[in-house]
Amino acid sequence: MIEFRSVSYKYPDGPLALENVSMIIEQGCILALVGKNGAGKTTLVKCLNGLIKPTSGQVIVNGKNTRDASVAELSKTVGLVFQNPDNQLFSPTVRDELAFSLKNRGTREEDLEPLIDETLKEFNLVHLKNRSPFLLSGGERKRVAMASLACMKQPVLVMDEPTQGQDGTQKRNLENMFRRLQENGRTLIIVSHDVDFVARLANRVIVMEKGHVLVDGSVEDAFQSRQHLDVEHLVPTQELELKWFHGMKHGNVQGLIRMPRTEFFKEIRQRIR
Amino acid sequence: MSINLLKGFEFRKKETPVHSLDPRTKLAVTIMYTIMSLAFSRPMPLVFFMLTLLPYMIVGKITRRWLASMKGLWLILSFILVLNTLLTSLDFAISMSLRVLLLVSAFTVFFMTVHPDDLALALLAMKVPFSFTFTLTLATRFMPTLAREAQSIMDAQRSRGLELESGGIIKRVKNMVPIIIPLIIQSIKRAFSVAEALESKAFGASKHRTNYFEISMRKRDWFVLLFTLLFVISFIVLYHLPLLPPVFYFRIPY
């Protein structure tokens, strides 16, 4: 469990990025952090593994105050995947990239290969195992970056913009994989602007604005109408607008928001007929 | 550590008398400080010149940022101090450390108060070829970006359990590999992107460029320039005669 107790953070010579944020993140949930640029999302997730120590307040991760633990120590509990995969890739092969994280964690040499193979399979990267990460596409590099953190098997995994650069198929694969990770008891925190992805996947949505928590609730609470998204400074996708329109007509907005795209279009087709 | 030092190249717009000086004046003052730091190898003149830089920083409202950027210099200064003390003398070691401190400070103050575009205008006014001017200003402009990027890479690798501050010197150097490789690769990628962007904006298509802004030397620029020049010349002359108080000739007896 993760707890934020009245957390505030001010960048040196910069703005107040977080102001009096309090929340509890339960084990095993998929939490989506949304909000416009500069809302404080990245600062908040950096507090989770101690990269940022709050100016005031406390962040408690599995009973441990992040002030009293090093980033290396916290990285065993919280895995943070950065938005730009190029910030972390440096090894000659994808396999070595994963091995680097595992060795940092202190994994024994004989346990490396099974863990690497298992993670590569999860992230649909088996065919790229011996390729150089620098020669992969943006979407593939992003998946390598995620895999290189996920292989460490931390109970909490934080992903900054995981769908960036992913095509439709890969987005669906990621969605399924994140669900599997959740089923295995891992907590997932996703920072994303992808409203559809968040709507389908998240158990809980936190909308941030100017360092504050603006909305904290279910997907249905956060994405229930255009007015809500306007207040949250989010842009609805055509799919979501269609769901609102269709739901209002038939009095079932709440039930449609999470519905997968294929299922939703199937229902529309049936109604049209 | 060295990230802080790179931040010393970041210009921030401020309304101060130092910021409003002509870039050529500030460049000349910086060159004079460079000459002074190289001309003296005793600690006290270097301390004195370091102190004369302080009012300049206070008026320019950059003291705090200068102090922050100097934090990135402590490792280099410690290295110079220890190595020179072991090989020569404490007096020489302190002088060399002060020399580096003065040199870096003078250039930090310059880059903190001169906008890269103004630097380009100053160099063009001094008849420096545009391609050279542009390369220099572009390099200066990307220093803070490089610092930010290095910080992000360090954060990303620390999130993977990399401990940058632990172990002996060999382990620490080895730990820098996951930082340096992504930094080099991203810099090369950026260089290509910038080159493509420049070509798409017709860089080099015309030999005769025009500038939207123009710079001109005002009375206060000439005053600062002449005052600094007279001060430097009189100090050198008085020091070598020698007519300065004995404290300027003090040597550390080791």
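A few comments on the model shown:
- Test for B:Met112: is it among the hydrophobic types (A, V, I, L, M, F, W, C), out of contact with any His (no Cβ under 8 Å at 6 or more places or on another chain) and within 22 Å of B:Phe227 (Cβ to Cβ): yes
- For the range B:182-229, the candidate set comprises residues that are closer than 30 Å to A:Leu136 by Cβ and among the β-branched types (Val, Ile, Thr); within that set, the residue that is surrounded by the most Cβ atoms within 10 Å (Cβ to Cβ) is B:Ile185.
- Only one entry of A:Leu214, A:Leu135, A:Leu115 meets the criterion of being touching a Cys at 6+ places or on another chain (Cβ under 7 Å) and open to solvent by 10 Å² or more (accessible area, probe 1.4 Å), and that entry is A:Leu115.
- Pick from the range A:124-138, criterion more than 21 Å from the chain's Cα centre (by Cα) and not in a loop (DSSP other than H, G, I, E, B), ranking: farthest from the other protein chains (Cβ to nearest Cβ): A:His127
- Members of the range A:46-62 that are surrounded by fewer than 23 Cβ atoms within 10 Å (Cβ to Cβ) and in contact (Cβ under 8 Å) with a residue 60 or more places away in the chain: A:Val61, A:Asn62
- Meets criteria (at pLDDT 85 or above and more than 14 Å from chain A (Cβ to nearest Cβ)) for B:Asp155: no
- Selection of the range B:185-224 for residues being of a type in the set (Lys, Arg) and within 14 Å of chain A (Cβ to nearest Cβ) yields B:Lys189, B:Arg190.
- Among the conditions (1) touching a residue at least 60 places away in the same chain (Cβ under 8 Å); (2) touching a strand residue (DSSP E or B) at 6+ places or on another chain (Cβ under 7 Å), the only one that A:Arg200 does not satisfy is (2).
- Sole residue being over 23 Å from the mean Cα position of the chain (by Cα), at pLDDT below 85 and closer than 21 Å to A:Ser91 by Cβ, chosen from B:Gly167, B:Gly161: B:Gly167
- Annotation: B:Ala120 fulfils all but one of (1) within 14 Å of chain A (Cβ to nearest Cβ); (2) in a helix (DSSP H, G or I); the unmet one is (1).
- Looking across the range A:50-65, the residues that are within 14 Å of chain B (Cβ to nearest Cβ) and under 17 Å from A:Lys10 (Cα atoms) come down to A:Gly50, A:Leu51, A:Ile52, A:Lys53.
- Count of residues meeting criterion [under 17 Å from A:Ser56 (Cα atoms), surrounded by 15 or more Cβ atoms within 10 Å (Cβ to Cβ) and over 13 Å from the mean Cα position of the chain (by Cα)] in the range A:21-44: 4
- Selection status of B:Ser166, within 14 Å of another protein chain (Cβ to nearest Cβ) and surrounded by fewer than 20 Cβ atoms within 10 Å (Cβ to Cβ): yes
- Screening the candidates A:Leu149, A:Leu188, A:Leu157, A:Leu242 for the property of being surrounded by 15 or more Cβ atoms within 10 Å (Cβ to Cβ) and modelled with pLDDT under 90 yields one hit, A:Leu242.
- A:Gln83 vs. criteria within 20 Å of A:Ile190 (Cα to Cα), of a type in the set (S, T, N, Q) and buried (at least 24 other Cβ atoms within 10 Å of the Cβ): no
- Among the residues of the range A:178-197, those identified as closer than 24 Å to A:Val61 by Cα and part of a helix (DSSP H, G or I) are A:Phe178, A:Arg179, A:Arg180, A:Leu181, A:Gln182, A:Glu183.
- The listed residue being within 24 Å of B:Val18 (Cα to Cα) and modelled with pLDDT of 90 or more, out of B:Lys71, B:Lys61: B:Lys61
- Check on A:Ala99, in contact with a Ser or Thr (Cβ under 6 Å, 6 or more places away or on another chain) and within 27 Å of B:Ala150 (Cβ to Cβ): no
- Remark: A:Leu115 falls outside the filter, which requires a residue to be within 8 Å of chain B (Cβ to nearest Cβ) and either under 16 Å from the mean Cα position of the chain (by Cα) or closer than 21 Å to A:Leu174 by Cβ (or both).
- For the residues B:Arg251, B:Arg158, the requirement of being more than 23 Å from B:Asp118 (Cβ to Cβ), in the same structural domain as B:Ser20 (by TED's automatic domain parsing) and surrounded by 12 or more Cβ atoms within 10 Å (Cβ to Cβ) singles out B:Arg251.
One line per residue, one yes/no per condition, for (1) away from chain B (no Cβ under 14 Å); (2) surrounded by fewer than 17 Cβ atoms within 10 Å (Cβ to Cβ); (3) touching a strand residue (DSSP E or B) at 6+ places or on another chain (Cβ under 7 Å):
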site	(1), (2), (3)
A:Lys76	no, no, no
A:Gly79	no, no, yes
A:Leu89	no, no, no
A:Ser101	no, no, no
A:Thr107	no, no, no
A:Glu140	yes, no, no
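- Positions within the range A:218-236 being open to solvent by 40 Å² or more (accessible area, probe 1.4 Å) and either aromatic (Phe, Trp, Tyr) or free of Cβ contacts under 8 Å to residues at least 60 places away in the same chain (or both), in sequence order: A:Asp221, A:Gln224, A:Arg226, A:Gln227, A:His228, A:Asp230, A:Val231, A:Val235
The values are calculated or read from the model by the stated rules, or taken from the named source; none is laboratory data. On a predicted model such as this, the values are computed, not experimentally measured, just so you know. Using ideal geometry, Cβ is built from the backbone for each residue, glycine included, and neighbour counts are taken over all protein chains shown. Side chains included, ligands, DNA and RNA excluded: accessible areas come from the protein's heavy atoms. Shrake-Rupley method; radii C 1.70, N 1.55, O 1.52, S 1.80 Å.
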